[in-house]
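A short write-up of the structure that comes next.
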Amino acid sequence: MTTTATRPAGAKPRAAIEAKTLRTDRWWLAPVLTVIGLTAWVAYATFRVFMQKLYWVDAYHYLTPFYSPCVSLGCDPAAAEFGRFIPDSPLIPFAALSLPFLLLFRLTCYYYRKAYYRSFWLSPPACAVPDGHTKYSGETRFPLIFQNAHRYAFYAAVLISLLNTWDAVIAMHSPSGFGFGLGNVILWINVIMLWAYTASCHSCRHIIGGRLKHFSKHPVRYRLWGWVSKLNARHMGLAWITLATLALTDFYIMGLAAGWWSDLRFIG
Ligand code: FES
């Protein structure tokens, strides 16, 4: 490729630089940490989703988000709030109704795209560092054109966040009726963070405030758009925080179900 055709008159030719990059800072640190973080999380989630046990605490109605909604014929009937109707197989997660949509939502998320394009595909790994690939066809062709499904995955994610909220409501239970313990605190923190992450989605921001010519004519949408925009600025942080709250919530409930520890109870 030559640059002379587009170079303004009088401009000097581009310097011939042999070095791959002139950056001397630790630009590789962010991609490396991303690979470690995402790989560890996916490994843990895959292990737990296919474990098919230690997902429900009957005394307090705690259900881990990795098994919600529990709709497999293999689910504990008490945990199957919405019925059991999918085959019980070691290859089919108990929450097979929601997990594919959640996976799609995260995989097509604008932040995660940036994260895994940079860290796993090195495309490019950082600013001013060359692409690890010689060709780049972008997101306008197969297969990456399917990243456009994100806006539809967003609607599914809203429904699943409602489900998670319902799980947190019915978990305020004890053998004597109403109850509240450390597990509830953990479940509610997770749900609030999931809502914050979902509401901070770029598609959500567009649905709420996009395509408007005059904000002054839509004061409610303008107000909502302002709130969502504030959250949107924290989307990356919320993406990581929710991975942490999901894994911690699951781990806490697994530990309770396994009898590794008992729930700290405040009421009931
Ligand atoms: Fe990340 Fe929509 S952009 S969830």
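The values are calculated or read from the model by the stated rules, or taken from the named source; none is laboratory data. Just so it is clear, the structure is predicted and the values come from calculations on it, not from any experiment. Using ideal geometry, Cβ is built from the backbone for each residue, glycine included, and neighbour counts are taken over all protein chains shown. Surface accessibility is based on the protein's heavy atoms, side chains included, excluding ligands, DNA and RNA. Shrake-Rupley method; radii C 1.70, N 1.55, O 1.52, S 1.80 Å.
Viscosity 1.306 mPa s, temperature 10 °C: what is the translational diffusion coefficient of segment 113-166 from Stokes-Einstein with a Kirkwood Rh over Cα pairs, rounded to a whole number of µm²/s?
Rounded to a whole number, D works out at 119 µm²/s.
How large is the accessible surface of His61 in square angstrom, using a 1.4 angstrom probe and rounding to the nearest 10?
Here the accessible area works out near 50 Å².
For segment 140-179, what is the Kirkwood hydrodynamic radius in Å, using each pair of distinct C-alpha atoms?
That comes to 12.7 Å for segment 140-179.
Residue-wise, which Karplus ³J(HN,Hα) couplings in Hz belong to segment 175-189, taking 6.51 cos²θ - 1.76 cosθ + 1.60, θ = phi - 60°, and x for glycine or proline?
Result, ordered by residue: x, 9, x, 5, x, 8, x, 4, x, 5, 4, 5, 4, 5, 4 Hz.
Between segment 77-127 and segment 179-208, how far is it from one alpha carbon centroid to the other, in angstrom?
Between the Cα centre of segment 77-127 and that of segment 179-208, the gap is 17 Å.
Can you pull the three principal axis extents for the Cα set of segment 31-89, in Å, largest first?
43, 27, 16
Zone of Leu103 (label point 7 Å along Cα→Cβ, backbone N under 18 Å): which residues in segment 217-253?
Output list for this probe position: 243, 247.
Taking all protein chains in place and a 1.4 Å probe, what share, in percent, of the accessible surface of segment 122-268 do carbon and sulfur account for?
Taking all protein chains in place, segment 122-268 shows 69 percent carbon and sulfur surface.
Using 1/(1 + (r/R0)^6) with R0 = 41 angstrom and r between the beta carbons of Trp28 and Val158, what's the FRET efficiency to the nearest 0.05? Present the calculation step by step, with values, prior to reporting the outcome.
On the way: r = 37 Å, r/R0 = 0.89.
With a Förster radius of 41 Å, E is 0.65.
Provide the per-residue ³J(HN,Hα) series for segment 104-114, in order, calculated from phi with Karplus coefficients 6.51, -1.76, 1.60 and θ = phi - 60°, each as a whole number of Hz, with x at glycine and proline positions.
4, 4, 6, 5, 9, 4, 4, 5, 5, 4, 4
How large is the convex hull of the C-alpha atoms of segment 29-267 per residue, in Å³?
For segment 29-267, the hull spanned by Cα atoms encloses 166 Å³ per residue.
Which of the cysteines in the chain are isolated, no other cysteine C-beta under 4.7 Å?
Isolated Cys, the chain: Cys109, Cys127.
Compute the signed sum of charges (Lys and Arg +1, Asp and Glu -1) over the other residues within less than 15 Å, Cβ to Cβ, of Thr249.
Details: positive: Arg48; negative: Asp167, Asp250, Asp263.
Charge balance in the 15 Å sphere: -2.
Which value, in Å², gives the accessible area per residue of segment 108-181 when a 1.4 Å probe is used on the protein heavy atoms?
Value for segment 108-181: 57 Å² per residue.
Over all pairs of distinct alpha carbons, what does the Kirkwood formula give as the hydrodynamic radius of segment 13-60, in Å?
For segment 13-60, the Kirkwood estimate is 15.2 Å.
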